[in-house]
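The structure appears right after this line, and notes come after that.
The values are calculated or read from the model by the stated rules, or taken from the named source; none is laboratory data. Given the structure is predicted, the values throughout are model-derived calculations rather than measurements. Positions of Cβ are backbone-derived with ideal geometry, glycine not excepted, and every protein chain shown enters the neighbour counts. Each accessible area value is taken on the protein alone, full model and side chains, heavy atoms only, with ligands, DNA and RNA left out. Shrake-Rupley method; radii C 1.70, N 1.55, O 1.52, S 1.80 Å.
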Amino acid sequence: MNPRRKNRLFLAVAVLIGMALTISLVLYALRSNIDLFYTPGEIIYGKGEAKIKPEPGQRLRIGGMVMPGSVKRDPDTLKVSFKVYDARAAIDVHYEGILPDLFREEQSVVAQGVFEEGNVIDAKEVLAKHDENYMPPEVEEAMKENHQRPAESYKTQSSESQGNGK
C-alpha cells in the first residue's frame, strides 16, 4: 500500500471514530432530557406490540383527562392529587405547586414527572389544554388588519359548516 493511500485511510478512520464519539457523547448528554409520552392505558397494559411498560424511577409524560371527583387538595399546602384517565385505565398523579388556570375535572392535561411504585406519577409539571377558540392577540390584530370581516364571523362560518358536515 503506498503511503498516500495509507494516510487517507488513517484520516478516514480517524474522522469516523471522531464522529462516532461525538454522537455517543451527545446522545449520552441528552439521555436525561428524553421524556417518553404515555397514556394511562399504556402505563398499565404496555405500549406498542412489545407491551413495554415504564419502570419505577423513569421520567415520563402522561396525557389524558382529569377524572371527575378525583381532585383532592391539601388545605395547608399546595399538594394536589388527581387521577388521569383514558378509555382503558386511570393513573394517580401527585403534584405540589400551583396548577394552571385551565386545570379542572374532565379537561385534558399532560403531567411530566417520575413514575413511582404502585402506578403513581410524582409530577413536576402539569399542563392543561387551552380552549381551541383561543386566539393570540397578535393573530387577532393581523386578522383585523388583513380581513374585511371580524374574526367572529370566521368562527361562526366554520362552526356552521362543521355542523352541516361540509
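Some observations on this one:
- Chain lengthening between PHE10 and GLU55 when straightened (0.36 nm per residue, less Cα-Cα): 11.8 nm
- Less than 5 angstrom separates the built amide H of ALA89 from those of GLY41, all sequence-distant by 5 or more or on a different chain.
- Per DSSP, loop trypsin sites (Lys or Arg not before Pro) in region 34-124 with at most 16 further Cβ within 10 Å: LYS51, ARG88, ARG104
- Most to least accessible of ILE23, ILE43 (protein chains only, probe 1.4 Å): ILE23, ILE43
- A simple rule links phi to the HN-Hα coupling: the Karplus curve 6.51 cos²θ - 1.76 cosθ + 1.60 with θ = phi - 60°, which for region 6-20 gives 5, 5, 5, 4, 4, 5, 4, 5, 5, 5, 5, 5, x, 5, 4 Hz, with x for Gly and Pro.
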